[in-house]
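Below is one structure, written out as structure tokens, with a few remarks after it.
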């Protein structure tokens, strides 16, 4: 049986990266591989972590082998973990890369894994899944740390053209394959909109647009709030049966579901300054995995008003629950959401986003369903594993 080690966040750490790694490990196991996740004993020092806690209170994912071993700020630990993985002699190491801060630790660990491999009957192949190469928010040392990490890898998977372009600016020769971000299909089956709204105590008659995920500047929530102000001052044509009726936007609500990863106050002040408090539903604690489906299923559409983007884990989540998306024309988002098929594409400004929301309700939610169901077939975990195996054989 071939052995695969995934290096990246996993239980008891929380968030989209951990969820991704759990699901990828399950796919390897389902295909007959011996798979272990090496996660972090210390991912971020508390003073660097923007959220309330790095850990989940939910039970461990069943059937997975997870070792919490990596200390991101202790060089002695990097050598120890690297030697430990090297002695295990995995056929493939799959390593996640999402932040230059992780470059020194992961790059050093992988260099230890590669050391003396020529003496063994086979050599471990190191494949990176690059979520970001050039980060959304730039800091000193980003390029140096990233280059150090990239040199330790044999090949790369990216999940958007933007990340592929960024990768090729720093690494021009090694094999890289673009694979669409697989669907998050581990949050349970969809429930009815009425059941989801009852669970969340949301009126069944309201129009609900969902902003989902951690709140950071690059995700453009402030732009979306400005768009909500524009919509609050204008009627909107709504499809009701076979008729088009003019309906006041007093029934439109923005559901914001996700934890603030920056100062909350400017957003609260903006909501009050714009006078749209009654049009906003704030659920800004971390959303546990068991509750994710209720937020997606309660919404008419999912909106991503990003200023810049590579790809987004929210997109495959929306595909899984067959929710139309409104995204901005930045990074890899437009290629993931074909305009007027799986959703709508707007420019990253309030006027364009407001117009896209109006257009969505003119077309109606059901207009997008056939396209969503067709498009989502591209996003499978088997495709990702196949790409990893293809690179490992080259």
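Computed from the coordinates by the stated procedures, all read-outs in this text should not be read as laboratory data. Predicted model, so just to flag it, every value in this text is computed and none were measured. Cβ sites come from the backbone with ideal geometry, for glycine too, and all protein chains shown count toward neighbours.
For this structure, a couple of remarks:
- Entry note, the chain: relative contact order of 15 percent, from Cα contacts under 8 Å with a spacing of 6+ residues.
- D (Stokes-Einstein, µm²/s), Kirkwood Cα radius, region 267-394, 0.692 mPa s at 37 °C: 201
- The angle separating the long axis of helix 103-114 from the principal Cα axis of greatest extent in the chain is about 40 degrees.
- Label-reachable residues, region 211-228, where backbone N falls under 14 Å from a point 7 Å from residue 351's Cα toward its Cβ: 227
- In plain terms, the chain from residue 193 to residue 1 could stretch by 64.7 nm, reckoned as 0.36 nm per residue minus the Cα-Cα distance.
- Gain on full extension, evaluated as 0.36 nm per residue between residue 80 and residue 161 minus their Cα-Cα distance, stands at 25.6 nm.
- Each 5 Å bin, from zero up to the one with the longest distance, holds this percent of the alpha carbon pairs of region 193-377: 1, 8, 18, 22, 23, 18, 8, 2, 0, 0.
- Taking Cα atoms only, the orientation of helix 161-170 departs from the longest principal axis of the chain by about 40 degrees.
- Cα-Cα separations in region 1-93 greater than 16 Å, expressed as whole percent: 56
- Counting every alpha-carbon pair across the chain, the share separated by more than 35 Å comes to 28%.
- Cβ crowding within 10 Å, taken as a proxy for footprinting-reagent exposure, orders 128, 35 from fewest neighbours to most as 35, 128.
- Efficiency of FRET from Cβ geometry, residue 286 and residue 29, R₀ 22 Å, rounded to 0.05: 0.20
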